[in-house]
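Before any comments, here is the structure.
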Ligand code: CTP
Ligand code: ZN
């Protein structure tokens, strides 16, 4: 068991993934991008607004028996750029990934310009270039319309 500074007790997990250093309040958005609704049966611990030595407050997500794919890790950076993805085996941290926000985001977000080719040609796939990382600002590679962090969050949370 670990005891957070807040006094909340959360078990260590045996096998799975711990996503740590999520900005406070965004753990539910991380669950959403992972497609986890809680009805799949895997055991999940969600800690929100825990005290963090690095960033004030943070959320932590512990997911048993689940790995995170590269594409999912990229998505996580859009809502939690400082998150660390810890891979746990037999109670030990055997891997720690800190993902960088990708330079291009393809096929995930929708351009907010209704006349953009990506909203009119059914074959076209959306593609955004990252122009600012914190807070995130993306630019459509077809029409240069910008997406800000609020819009990215809105689209991810649906
Ligand atoms: N953890 C867990 N179960 C385990 C091992 C670790 O839930 N069997 C959690 C820890 O509680 C912590 C995270 O995984 O939230 C990362 O563990 P560790 O690398 O040991 O912690 P730190 O060194 O504090 O990590 P960082 O430097 O990334 O902040
Ligand atoms: Zn566009």
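The values are calculated or read from the model by the stated rules, or taken from the named source; none is laboratory data. The model shown is predicted, which means the values in this text are computed figures rather than measured ones. Don't worry about glycine lacking a Cβ; one is built from the backbone with ideal geometry, like all the others, and counts go over all protein chains shown.
Some points to look at:
- Taken across the range 119-133, residues that are within 24 Å of residue 20 (Cα to Cα), in contact with a strand residue (DSSP E or B) (Cβ under 7 Å, 6 or more places away or on another chain) and not assigned by the TED database to the domain that holds residue 34 do occur, with at least one present.
Residues checked against (1) more than 26 Å from residue 132 (Cα to Cα); (2) away from ligand 2 (no atom under 16 Å from the Cβ); (3) assigned by the TED database to the domain that holds residue 127; (4) touching a residue at least 60 places away in the same chain (Cβ under 8 Å):
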site: 45; (1), (2), (3), (4): yes, yes, no, no
site: 51; (1), (2), (3), (4): yes, yes, no, no
site: 56; (1), (2), (3), (4): no, yes, no, no
site: 87; (1), (2), (3), (4): yes, yes, no, yes
site: 92; (1), (2), (3), (4): yes, yes, no, no
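- Among the strands (runs of 3 or more DSSP E) confined to the range 64-158, the ones with at least 3 residues that are within 16 Å of ligand 1 (Cβ to nearest atom) are located at 84-89, 92-98.
- The set of residues from the range 33-80 being surrounded by 14 or more Cβ atoms within 10 Å (Cβ to Cβ) and under 18 Å from residue 105 (Cα atoms) comprises 33, 34, 68, 72, 73, 74, 75, 76, 77, 78, 79, 80.
- Inclusion of residue 16 among residues that are within 13 Å of the chain's Cα centre (by Cα) and on the phi > 0 side of the Ramachandran plot is not warranted.
- Condition check for residue 40: within 22 Å of residue 133 (Cβ to Cβ), without any contact (Cβ under 8 Å) to a residue 12 or more places away in the chain and more than 10 Å from ligand 1 (Cβ to nearest atom): no
- Number of the exception - residue 64 against (1) closer than 25 Å to residue 41 by Cα; (2) at pLDDT 95 or above; (3) touching a helix residue (DSSP H, G or I) at 6+ places or on another chain (Cβ under 8 Å): (3)
- Residue 157 touching a helix residue (DSSP H, G or I) at 6+ places or on another chain (Cβ under 7 Å) and either near ligand 2 (Cβ under 9 Å from one of its atoms) or closer than 29 Å to residue 37 by Cβ (or both): yes
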